[in-house]
Amino acid sequence: MKFEALIRSIPDFPKTGVVYRDITTLLGDAGGFRGAVDRLVEHYNNHQVDLVAGIEARGFIIGGAMAHQLNTGFVPVRKKGKLPWTTIGQQYELEYGTDEVEVHIDAVREGQRVLIADDLIATGGTAKAAVHLIRRSGGIVVAACFMVELPALGGRSVLHGLGVEVEALCAFDGE
């Protein structure tokens, strides 16, 4: 299946020169969504996975579907201030400033094997923060998977530098 054909490209969003890769068109296509989740799950069927951690917000959709099919629990990795219980947080760099993601302190138990899921990997900053959160919680990061990769922005290398395997369904040139 050519997943690229199901992803809408929106030029000059959120700023001039950027082409936004909108997966909502893939999510709205029953066969495309099922095929994408099945392909990602297939890659991890032979890995021991205890939890899938989905990064806010589209990672919740992908990660939740994957957790269901892998018969695992799900951990939401949320933006700072969105979780109602005691959390640990991890800052990460943005183009202009920083942001922070959090998980509940009891979301991951010592030694649990966690697969990180999100819609897109670009610079790898958010995924890197998620890796640090899972590890600080005592979890073992099995891998990180994405529907879309923007290879020119180097996110795969960032995660490889942390010893994390990366899987992406498709890739687009540019930003």
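Where a number appears in this text, it was derived from the coordinates with a stated rule and is not lab data. Predicted model, so just to flag it, every value in this text is computed and none were measured. As a convention, Cβ positions derive from the backbone with ideal geometry for all residues, glycine included, and neighbour counts pool all protein chains shown.
Normalise the Cα radius of gyration of the chain by 2.2 N^0.38 Å (N = residues in it) and let me know the number.
0.98
Counting only DSSP beta bridges with both residues in the chain, what percent are antiparallel, rounded to the nearest 5?
If I count the DSSP bridges inside the chain, around 40 percent turn out antiparallel.
Please report, in debye to the nearest 20, how large the charge dipole of segment 47-171 is about its Cα centre when each Lys and Arg carries +1 at its beta carbon and each Asp and Glu carries -1 there.
Dipole magnitude for segment 47-171 comes out near 200 debye.
Pulled fully out, how much extra length does the chain show between E165 and R135, if you take 0.36 nm times their separation in residues and subtract their Cα-Cα distance?
9.3 nm
Once the Cβ-Cβ distance between D38 and H104 is put in as r, and R0 is 35 Å, what FRET efficiency do you end up with, to the nearest 0.05?
With a Förster radius of 35 Å, E is 0.75.
Test of understanding: in a Gaussian network model of the chain with alpha carbons linked when under 10 Å, which of T98, T123, T16 would top the mean-square fluctuation ranking?
T16
Run the numbers for I10 and A57: contour at 0.36 nm per residue of separation, minus the present Cα-Cα distance, in nm.
Length difference between fully extended and current span is 15.0 nm.
Using Cα springs under 10 Å in a Gaussian network model of the chain, which residue among D99, D50, D118 shows the largest mean-square fluctuation?
D99
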